[in-house]
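Q: The structure is given below, and queries will be raised subsequently.
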Amino acid sequence: MTTVDRPIPVTPKRVPCPTCGGDSIYAISNPYRPFCSARCKNVDLGAWASEGFRLAASGSAEDQPLEDSPPSSASH
Ligand SMILES: [Zn+2]
């Protein structure tokens, strides 16, 4: 008599894709998790990157604190 080990089918956890709201498999088999696909991941990253770029670009260079050179008392 032999007992056959039946592998328990692992139900992949599904989460809503943050980008398209569709089903995305949250498992190691899905390298784009929690996104459903590479496209959705790129879209989200792109949005984040452009947002950060816009915020960084909105700050004008005039606001950059320039180091005030201390008055040098080198005059004798
Ligand atoms: Zn998606």
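The values are calculated or read from the model by the stated rules, or taken from the named source; none is laboratory data. In this text, all values refer to a predicted model and were calculated from it rather than measured experimentally. In this analysis, Cβ positions are derived from the backbone assuming ideal geometry, glycine residues included, and neighbour counts consider all displayed protein chains.
Q: Counting only residues that are farther than 14 Å from residue 20 by Cβ and hydrophobic (A, V, I, L, M, F, W, C), which one in region 46-66 is modelled with the lowest pLDDT?
A: Going through the qualifying residues, I end up with 61.
Q: Another question, then. Cβ-Cβ distance below 6 Å, separation of 6 or more or different chains: which pairs start in region 30-54 with a residue that is in contact (Cβ under 8 Å) with a residue 12 or more places away in the chain and end on one that is hydrophobic (A, V, I, L, M, F, W, C)?
A: 34/15; 35/17; 36/17; 40/17; 40/20; 41/35
Q: Determine the pairs where a residue that is at pLDDT 80 or above, located within region 8-19, has a partner that is among the charged types (D, E, K, R) with Cβ atoms under 7 Å apart, the partner being 6 or more residues away or on another chain.
A: 14/23; 18/44; 19/44
Q: Of all residues in region 28-54 being assigned to a helix (DSSP H, G or I) and among the aliphatic types (A, V, I, L, M), which is surrounded by the most Cβ atoms within 10 Å (Cβ to Cβ)?
A: 43
Q: Let me ask another. Give region 11-28 a look and list any residue that's within 8 Å of the ligand (Cβ to nearest atom) and either among the hydrophobic types (A, V, I, L, M, F, W, C) or on the phi < 0 side of the Ramachandran plot (or both), or say none.
A: 17, 18, 19, 20, 22, 24
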